[in-house]
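Undergrad: I have a structure I would like to understand better, so I am pasting it below and will then ask my questions one at a time.
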Amino acid sequence: MARNTQVAADHNAPPITRILAEYVAGHASRGWSEAVDHEAHRTFLNWLGCAVGAARHEAVEAALAAVQVLQPAPQATILGRAEKVDIANAALLNGITSHTFDFDDTHLKTIIHPAGPVASAVLALAEHTGASGRTVLDALVLGIDVACRLGNTVYPEHYDRGWHITGTTGMLGAAAGCARLLGLDADRTAMALGIAASQPVGLREQFGTMTKPFHPGGAARAGLMAALMAQHGYTASPKAIEAPRGWAQVVSTKYAWNEVTDELGERFEISFNSYKPFACGIVIHPSIDACVQLRERGIAADQVERIELKVHSLVLELTGKKEPADGLSAKFSVYHGCAAGLLFGRAAEEEFADDIVNRPDVVALRRKVVATVDDGIDEASADVTAVLTDGRREHVFIEHAIGSLQRPMSDADLERKFHGLSDGILGAQRTSELLAACWSLGKAADVRGLAALARP
């Protein structure tokens with residue numbers, strides 16, 4: 001039976017795949033400002049700390065056990081662990097660990113967590129080849145630029161369809177970063193992007209499960225393999241991103257090509273990266289921030305009759321789990337985030353441990369949170385009122401949460417976060433040495449020394 005295959009398509013799209021390939025292959029090393037370079041160091045450091053911190057999580061144990069069935073060659077480090085595996089599976093595992101706590105970087109315009117796919121692929125390959133730190137940073141900046149520019153091109157329609165945009169752009173960013181690290185010319189870089197374009201990873205249905213952190217890991221592995229295949233002559237469509245049946249037009253009804261080309265090589269998306277003070281979905285952060293401020297005003301949980309929370313509809317769409325059963329699902333519960341903020345004055349990984357999520361006082365306070373949608377409030381904001389048992393009302397409005405671009409985490413904040421994640425895995429002294437290596441990455445002749453510091 002004949003099918004009607006008519007769809008709205010752009011048959012005159014610019015050659016996006018080629019434009020990006022020439023950019024990745026040809027842009028000058030460190031061809032950006034000192035501020036951009038510093039942000040690249042911050043991004044790498046934050047990603048590495050998150051990966052080390054989750055190294056012993058049950059999700060990582062399970063993934064590593066599966067990888068070891070394949071008897072991988074010991075080519076690259078699993079961050080925070082003594083074992084080594086082949087570079088493709090090191091990219092997979094480090095991508096998983098970096099996102100397991102949901103504590104990693106966020107490109108707020110698209111909600112992409114860009115370092116997970118890109119840095120995980122690039123560092124694994126760089127450790128194997130003995131690449132310099134400068135080469136790694138160049139690959140990181142350019143790979144993240146590719147992923148986030150393509151994210152800008154299709155967001156939010158792509159995300160609204162149910163794709164997890166970190167994984168579905170991450171394989172392209174990882175392919176770009178690895179192609180740059182390998183020194184591929186524009187022709188082979190275009191093939192790497194083309195191979196990667198057929199491998200988008202991740203559906204939002206998986207949020208709150210172990211498979212969510214698989215998405216950046218799977219994207220990292222796919223992008224790395226795409227670059228290696230292209231290096232050895234494997235081919236793909238030269239229009240794999242922009243063609244009517246290519247990546248962008250298949251995964252989204254929006255494809256704003258100018259988001260790729262505008263100020264290409266002049267504006268770098270890594271400049272718009274942000275870092276999480278709370279280990280959960282970014283849209284919960286304003287609500288947690290408000291509850292932390294209520295606690296700082298002296299409000300105690302036993303004084304609270306209810307917490308009235310007004311948020312954008314996206315907050316409840318993404319994080320509306322009222323009765324999370326474990327830590328992974330609690331990361332998608334604005335109700336748990338509010339309870340953690342008020343009870344503990346923070347929401348680090350410890351506040352998302354299974355025993356904390358199911359503690360009676362936490363559950364009781366969580367059930368006092370009454371959330372309503374107000375789309376007059378920006379998705380990056382929250383309006384919170386604590387109604388107390390004596391009739392008083394304490395109100396906090398958060399326009400921009402701590403950790404946002406408007407209220408960024410300082411370098412010292414990132415170091416404290418890194419120690420909190422890594423000290424229990426590597427020890428405080430080794431963590432300090434690893435931090436120093438991250439800050440001086442651009443000067444490292446060989447990244448193998450840094451990778452060695454990331455093993456216990």
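A short reminder: the numbers here are calculations on the coordinates, not readings from a lab. Computed from a prediction, not measured in an experiment: that's the story for all the values here. In this analysis, Cβ positions are derived from the backbone assuming ideal geometry, glycine residues included, and neighbour counts consider all displayed protein chains.
Undergrad: For n ≥ 4 DSSP H runs only, could you compute -39500 (n - 2.57) per run for the chain, divide by its residues and tell me the 222 nm figure to the nearest 500?
TA: Numbers: 21 runs with 236 residues, N = 456.
Taken over the chain, the calculation gives -16000 deg cm²/dmol.
Undergrad: Let me ask something else. Around residue 372, under 10 Å between beta carbons, what's the net of Lys plus Arg minus Asp minus Glu among the other residues?
TA: -2
Undergrad: Would you work out which of 304, 279, 370 lies farthest towards the positive end of the dipole of the chain? Charges go on Cβ: Lys and Arg +1, Asp and Glu -1.
TA: So the residue furthest toward the plus end is 279.
Undergrad: Give the separation of the Cα centroids, region 189-205 to region 357-431, in Å.
TA: Here the two parts' Cα centres lie 34 Å apart.
Undergrad: Give me the extension gain from residue 326 to residue 38: residue separation times 0.36 nm, minus the current Cα-Cα distance, reported in nm with one decimal. Write down the numbers at each step before the final one.
TA: Working: separation 288, 0.36 × 288 = 103.68 nm, distance 3.66 nm.
Length gained, residue 326 through residue 38: 100.0 nm.
Undergrad: Residue by residue, what Karplus-based ³J(HN,Hα) values in Hz, rounded to whole numbers, does region 19-34 have, using 6.51, -1.76 and 1.60 with θ = phi - 60° and x for Gly and Pro?
TA: Working through the residues one at a time gives 4, 5, 4, 5, 5, 5, 6, x, 5, 5, 4, 6, x, 7, 6, 4 Hz.
Undergrad: How many lysine pairs in the chain, separated by 8 or more positions in sequence or lying on different chains, have Cα atoms less than 15 Å apart?
TA: For the chain, qualifying lysine pairs total 9.
Undergrad: Here's something else I'd like to know. For residue 375 paired with residue 235, estimate the spin-label separation in nm (one decimal), with each label point 7 Å from Cα along the Cα-to-Cβ line.
TA: 4.8
Undergrad: How high is the FRET efficiency between residue 419 and residue 187 when r is their beta carbon distance and R₀ equals 45 Å, given to the nearest 0.05?
TA: After rounding, the FRET efficiency stands at 0.50.
Undergrad: How much length, in nm to one decimal, is gained on full extension between residue 428 and residue 363, taken as 0.36 nm per residue of separation minus their Cα-Cα distance?
TA: Values: separation 65, 0.36 × 65 = 23.40 nm, distance 3.36 nm.
Roughly 20.0 nm would be gained on extension.
Undergrad: Given the chain, what whole percent of its Cα pairs are spread farther than 31 Å? Don't skip to the answer; put the middle values down first.
TA: Details: 40723 of 103740 pairs.
Here the tail beyond 31 Å accounts for 39 percent of pairs.
Undergrad: Of the DSSP beta bridges with both residues in the chain, give the percent that are antiparallel, rounding to the nearest 5. It would help to have the intermediate numbers written out before the result.
TA: Numbers: 19 of 24 bridges.
Among the beta bridges of the chain, antiparallel pairing accounts for roughly 80 percent.
Undergrad: Tilt of helix 411-426 relative to the longest C-alpha principal axis of the chain, in degrees (0 to 90, nearest 10)?
TA: Tilt relative to the chain: about 90 degrees.
Undergrad: Taking θ as phi - 60°, what are the ³J(HN,Hα) couplings along region 277-291 by the Karplus curve (6.51, -1.76, 1.60), each to the nearest whole Hz, with x for Gly and Pro?
TA: Rounded to whole hertz, the list is x, 10, 8, 6, x, 4, 6, 7, 4, x, 5, 4, 3, 4, 5.
Undergrad: Turning to a different aspect of this structure: Give me Rg over Rh for region 282-398, both radii from the alpha carbons and Rh done the Kirkwood way, two decimal places.
TA: Checking Rg against Rh, the ratio lands at 0.93.
Undergrad: Find out how many positive minus negative residues lie around residue 313, taking Lys and Arg as positive, Asp and Glu as negative, among other residues whose Cβ is under 10 Å from that of residue 313.
TA: -4
Undergrad: Right, next: Note down the net charge around residue 400, summing +1 for each Lys or Arg and -1 for each Asp or Glu among other residues with Cβ under 13 Å from its Cβ.
TA: Local charge sum for residue 400: -3.
Undergrad: Right, here's the next one. Just to be sure I understand: of the beta bridges DSSP finds with both ends in region 282-398, what percent are antiparallel, rounded to 5?
TA: Details: 13 of 18 bridges.
Counting only bridges with both partners in region 282-398, antiparallel ones make up about 70 percent.
Undergrad: When ranked by the protection proxy of mean other Cβ atoms within 10 Å per residue, highest first, what sequence do the peptides 327-340, 252-265, 19-32 form?
TA: The packing order, highest mean first, is 327-340, 19-32, 252-265.
Undergrad: Something else: On full extension of the chain, what length is gained from residue 355 through residue 297, given 0.36 nm per residue of separation minus the C-alpha to C-alpha distance?
TA: Once the chain is fully extended between residue 355 and residue 297, it gains 18.2 nm.
Undergrad: Amide H neighbours of residue 78 under 5 Å, at least 5 residues apart or on other chains, H built in the peptide plane: list them.
TA: Those lying under 5 Å, H to H, from residue 78 are 85.
Undergrad: Continuing with this model, one more query. Take the alpha-carbon centre of region 253-300, take the same for region 78-113, and report the distance between them in whole Å.
TA: 19
Undergrad: Convert each backbone phi in region 148-165 into a coupling constant with the Karplus relation 6.51 cos²θ - 1.76 cosθ + 1.60 (shift: θ = phi - 60°), then list the ³J(HN,Hα) values in order as whole Hz, x for Gly and Pro.
TA: Couplings: 6, 5, 5, x, 4, 5, 10, 7, x, 4, 4, 5, 5, 6, x, 7, 8, 5 Hz.
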